[in-house]
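The values are calculated or read from the model by the stated rules, or taken from the named source; none is laboratory data. Note that this is a predicted model, so its numbers are computed, not measured. Cβ placement follows ideal geometry from the backbone for every residue including glycine, while neighbour counts extend to all protein chains displayed.
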Amino acid sequence: MTAQKQQTAQPAPDNHPAGFGDDADLNRVAERYAVRVTTAVYDNIAKTAPDDPVALQYLPDARELSETPDELPDPIGDHSHSPTPGIVHRYPDRVLLMPVSRCAVYCRYCFRREKVGKGAGLLEPAQLAAALDYIRDNKNIWEVILSGGDPLILSPRRLAAILEELDKIGHVGVIRIHSRVPIADPDRINDALCAVLSNTQKPVYIAVHINHAQELTAAVETALRHLHQAGCTLLSQSVLLKGVNNDATVLETLFRRLVSLRVRPYYLHHPDKAPGTAHFRLPLAEGQQIMRELRGRLSGLAQPVYMLDIPGGHGKIPLTPCYLSAEDDGIYQVSDPSGHTHFYQD
Ligand SMILES: *Cc1c(COP(=O)(O)O)cnc(C)c1O
Ligand code: SF4
């Protein structure tokens, strides 16, 4: 796969940490889960800060060896909703199409960590053809979401082949691509890739995965600008992670910068119960408190929806903090962003 060869992870220079923990533990982590960083990511890690928010997202950590009983190998139930390899169909109007199970980098909290970076990588041609047939045969499918793995590690030629097929399917109205590449490997957003993206008739939405403003380097800003110039509508998705971004000021900075870069914050995900990720998880109530703080001080344009993917594959639901409680007979108590109480009558 040429997409994989171009950028290999740089070994950490001797005087820099390769991860959090001793070598023996880090080797065990790497045997269990895929480990990979790009040069762009590695260069962006503040080597002197032990709690660097970029390092924590990507460098292996001995704490990944501890699993808790509530963790699940397939936390959001992809498998039970997969009618054919490469397709996850949980909601009637949209499907995930996963042409590749590899990524440019491996996020330590990944909800698909039991799958990504392992096995064959690319979907076999016959499997890809069957997945496209499934989409063609299901007239309810209005949106196709390329996910994975990371679809933007595909060569422009392979990506073009998929987008051309989707473009021909009448009932498909929208193509969405979920990707870490613009953030983790921005040089891959080159002219050839942008030409492919701008060639589609159907609108292409790109949801970039980003968790901290430190990830918005000059090269990342350029990549986002090129995607926008290629006609893509840009969204972001983030994961709320203990020690990385569980702070209203950190998120406010991230979301403001994203909006200034023409990226509309879409979802803030509560972390999934993927194995060995307990050190990233935090209480739902803490996430709701952060969202409450943001509501008062940040433009609505810059507010994502805080989401929980219900463990076991029951779907995503918003965890919006509740501002409303029913009294009786159509009278409600509502609290304003400063926490003061008011009444509303139907
Ligand atoms: C998250 C997800 C989607 C997309 O959900 P949206 O709320 O539309 O972003 C679609 N299918 C599956 C299986 C998912 O897990
Ligand atoms: S890019 Fe996405 S799929 Fe890949 S490791 Fe990160 S979270 Fe998982």
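A few points about this structure:
- Qualifying residues in the range 121-146 (those that are farther than 23 Å from GLY315 by Cα and within 16 Å of ligand 2 (Cβ to nearest atom)) - the one surrounded by the most Cβ atoms within 10 Å (Cβ to Cβ): LEU123
- Residue list for the range 30-48, restricted to those being surrounded by 19 or more Cβ atoms within 10 Å (Cβ to Cβ) and outside any loop (DSSP other than H, G, I, E, B): ALA40, VAL41, TYR42
- Candidates HIS171, HIS209 - the one that is touching a Phe, Trp or Tyr at 6+ places or on another chain (Cβ under 7 Å) and either at pLDDT 95 or above or under 18 Å from ALA223 (Cβ atoms) (or both): HIS171
- Criterion: of a type outside the set (Lys, Arg), within 16 Å of ligand 2 (Cβ to nearest atom) and buried (at least 17 other Cβ atoms within 10 Å of the Cβ) - qualifying residue of PRO265, PRO275: PRO275
- When we screen PRO99, PRO156 for residues that are within 16 Å of ligand 2 (Cβ to nearest atom), of a type outside the set (Gly, Ala, Ser) and within 30 Å of TYR58 (Cβ to Cβ), the only hit is PRO99.
- Residue match in the range 151-167 (condition: away from ligand 1 (no atom under 14 Å from the Cβ), among the aliphatic types (A, V, I, L, M) and in a loop (DSSP other than H, G, I, E, B)): yes
- Search result, residues across the range 270-283 that are free of Cβ contacts under 8 Å to residues at least 60 places away in the same chain and in contact with a strand residue (DSSP E or B) (Cβ under 7 Å, 6 or more places away or on another chain): HIS270
- Any chance VAL244 is of a type in the set (A, V, I, L, M, F, W, C), part of a loop (DSSP other than H, G, I, E, B) and in contact (Cβ under 8 Å) with a residue 12 or more places away in the chain: yes
- Within the range 168-186, the set of residues being assigned to a loop (DSSP other than H, G, I, E, B) and either among the β-branched types (Val, Ile, Thr) or within 16 Å of ligand 2 (Cβ to nearest atom) (or both) comprises ILE169, VAL172, ARG180, ASP185.
Here is a yes/no grid of residues against (1) within 16 Å of ligand 1 (Cβ to nearest atom); (2) within 18 Å of the chain's Cα centre (by Cα); (3) of a type in the set (Asp, Glu):
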position	(1), (2), (3)
PRO182	no, yes, no
ALA195	no, no, no
THR222	no, no, no
SER238	yes, yes, no
ALA248	no, no, no
SER260	no, no, no
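- Residue count for the range 77-109, restricted to those that are within 11 Å of ligand 1 (Cβ to nearest atom) and part of a loop (DSSP other than H, G, I, E, B): 5
- Only listed residue being within 16 Å of ligand 2 (Cβ to nearest atom) and more than 23 Å from ASP74 (Cα to Cα), chosen from GLU221, GLU252, GLU215: GLU215
- Subset of the range 298-346 [surrounded by fewer than 13 Cβ atoms within 10 Å (Cβ to Cβ), outside the structural domain of GLU286 (by TED's automatic domain parsing) and among the hydroxyl-bearing types (Ser, Thr, Tyr)]: SER325, SER338, THR341, TYR344
- Of the residues making up the range 154-176, those that are in contact with an Asp or Glu (Cβ under 9 Å, 6 or more places away or on another chain) and among the aliphatic types (A, V, I, L, M) are VAL172, VAL174, ILE175.
- Of residues in the range 147-184 being closer than 15 Å to MET98 by Cβ and among the hydroxyl-bearing types (Ser, Thr, Tyr), the one surrounded by the fewest Cβ atoms within 10 Å (Cβ to Cβ): SER147
- Against the test of being in a loop (DSSP other than H, G, I, E, B), within 30 Å of ASP137 (Cα to Cα) and of a type in the set (Asp, Glu), the options ASP70, ASP74, ASP51 yield a single qualifying residue, ASP74.
- Only one of the numbered conditions (1) under 23 Å from the mean Cα position of the chain (by Cα); (2) at pLDDT below 90 is violated by VAL41, and that is (2).
- Across the range 271-330, the number of residues qualifying as of a type in the set (A, V, I, L, M, F, W, C), within 16 Å of ligand 1 (Cβ to nearest atom) and within 25 Å of ALA62 (Cα to Cα) comes to 1.
- Number of positions in the range 289-311 that are under 21 Å from ARG256 (Cβ atoms) and free of Cβ contacts under 8 Å to residues at least 40 places away in the same chain: 4
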